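What follows is one structure encoded as structure tokens, with my remarks underneath.
The values are calculated or read from the model by the stated rules, or taken from the named source; none is laboratory data. Everything numeric in this text was worked out from a predicted model, so none of it was measured. Don't worry about glycine lacking a Cβ; one is built from the backbone with ideal geometry, like all the others, and counts go over all protein chains shown.
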Amino acid sequence: MTHAFLSLHFDALVIDGHCDSIGDQLEQGRYLGERSDQGHIDLPRLREGGVNAQFFACYVPTQFQRHGAAVHAMERLDQLWMLADRLPDQFVIARQISDIQQAKASGKIAAIAGLEGAEALDASLAMLRHFHRLGVRNLGLAWNYRNAACDGVAESRTNGGLTEFGVEVVKECNRLGILIDVSHLSPAGVADVLAISEQPVIASHSNAWALCEHPRNLTDAQLEAIAARGGVVGITFVDRFLRQEEPATASLSDVIEHIEYMLKRIGPDHVAIGSDFDGCTTPADLKDATCYPLITQRLVERGHDAGVIRKVLGENYLRVMREVWG
């Protein structure tokens with residue numbers, strides 16, 4: 001690692017668009033305030049990897065999606081707040097852009113709290129508003145399957161998109177200032193969101209279908225539509241979304257290939273990173289959050305401009321959040 005690329009990485013604002021790590025703290029007792037050899041993310045390893053802000057998904061496991069979804073999501077959100085309460089000198093839940101900027105300046109890690117799946121809303125806009133009051137600033141509408149708001153990607157055979165409730169959710173997110181995430185959403189649902197939302201959206205952890213034909217990846221037309229509306233796509237480290245082979249044997253080189261493909265296809269203002277750490281099997285050379293500098297190193301070695309690298313590392317997410325959050 002050269003000094004020049006390390007200086008760029010640790011000076012840049014680095015934002016990861018998706019992880020499932022708070023579930024480990026709730027369900028496995030792995031306290032994220034302490035360094036661990038388990039999992040992918042904890043605060044010490046985020047700092048070591050130069051990550052300044054992390055999207056934390058309050059995912060609802062399938063066994064709770066029909067009964068108890070709101071309670072389970074609230075329990076995961078509570079774990080984030082417990083971490084912030086215990087370590088106020090290290091960790092803050094970001095409700096506005098200045099929280100992220102101040103965290104970067106003071107050496108703290110900012111958390112962006114999100115819901116992964118509208119199951120947690122229990123078909124109630126009031127619940128959406130309550131989650132917003134509790135700091136939720138990102139909503140992934142689906143996790144693969146059908147809920148009251150939409151069809152997930154696993155339901156694509158039906159060609160179903162947003163329900164009438166889902167349309168109201170999108171509109172209320174626009175009004176409240178909640179960023180909408182279309183990863184895991186059915187193709188019809190992605191099209192519906194892009195037609196209805198008055199604000200840019202993200203696909204926090206999805207790769208390019210052109211390079212790996214997995215149902216969770218996005219076609220060129222979807223990538224271009226998200227970018228045309230000012231949105232951002234986060235390249236993910238999920239090995240099965242990176243390479244077509246079974247079993248997947250992905251590496252950092254595949255992550256860089258997807259980044260470079262999207263840079264060419266949709267431009268440097270619309271590409272970011274969404275690891276899906278603690279929710280997937282990753283390439284062996286991206287073993288945990290300490291490996292983020294390797295991405296910067298590889299992009300520098302391949303001749304990418306420092307300004308483009310800064311956008312990919314975090315500035316693109318910040319731009320969209322600034323527009324949505326106000």
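Going by the structure shown, is residue 296 among the β-branched types (Val, Ile, Thr), closer than 21 Å to residue 210 by Cα and either modelled with pLDDT under 95 or buried (at least 18 other Cβ atoms within 10 Å of the Cβ) (or both)? Criteria not met by residue 296. Of the listed requirements (1) touching a helix residue (DSSP H, G or I) at 6+ places or on another chain (Cβ under 7 Å); (2) free of Cβ contacts under 8 Å to residues at least 12 places away in the same chain, residue 32 misses just one: (2).
Against the test of being surrounded by fewer than 22 Cβ atoms within 10 Å (Cβ to Cβ), touching a strand residue (DSSP E or B) at 6+ places or on another chain (Cβ under 7 Å) and of a type in the set (A, V, I, L, M), the options 73, 84, 53, 57 yield a single qualifying residue, 84.
Scanning region 77-114 for residues that are within 18 Å of the chain's Cα centre (by Cα), among the aliphatic types (A, V, I, L, M) and either closer than 17 Å to residue 33 by Cα or in a loop (DSSP other than H, G, I, E, B) (or both) turns up 77, 80, 92, 93, 94, 109, 110, 111, 112, 113.
Does any residue in region 143-170 that is farther than 15 Å from residue 183 by Cα come within less than 7 Å, Cβ to Cβ, of a residue that is charged (D, E, K, R) and modelled with pLDDT of 95 or more six or more places away or on a different chain, and which pairs are these? Pairs that qualify, where the first residue is farther than 15 Å from residue 183 by Cα and the partner is charged (D, E, K, R) and modelled with pLDDT of 95 or more, are 158/151; 160/151.
Being assigned to a helix (DSSP H, G or I) and crowded, with 24+ Cβ neighbours inside 10 Å is the filter here, so list the residues in region 174-195 that pass it. Once the filter is applied, which keeps residues that are assigned to a helix (DSSP H, G or I) and crowded, with 24+ Cβ neighbours inside 10 Å, region 174-195 yields 189, 190, 193. Would you call residue 276 crowded, with 20+ Cβ neighbours inside 10 Å and not hydrophobic (A, V, I, L, M, F, W, C)? The answer is yes for residue 276. Checking region 98-110 against the condition returns a match, with at least one residue being β-branched (Val, Ile, Thr) and either over 18 Å from residue 133 (Cβ atoms) or in contact with a strand residue (DSSP E or B) (Cβ under 6 Å, 6 or more places away or on another chain) (or both).
State which residue is farthest from residue 172 (Cα to Cα) when the search covers only region 115-141 and only residues that are in contact (Cβ under 8 Å) with a residue 12 or more places away in the chain, small (Gly, Ala, Ser) and surrounded by fewer than 24 Cβ atoms within 10 Å (Cβ to Cβ). Filtering first and then ranking leaves 135.
Taking each residue of region 286-298 that is without any contact (Cβ under 8 Å) to a residue 40 or more places away in the chain and charged (D, E, K, R) and looking for partners that are in a helix (DSSP H, G or I) and surrounded by fewer than 19 Cβ atoms within 10 Å (Cβ to Cβ) with beta-carbon atoms closer than 8 Å, six or more apart or interchain, yields nothing.
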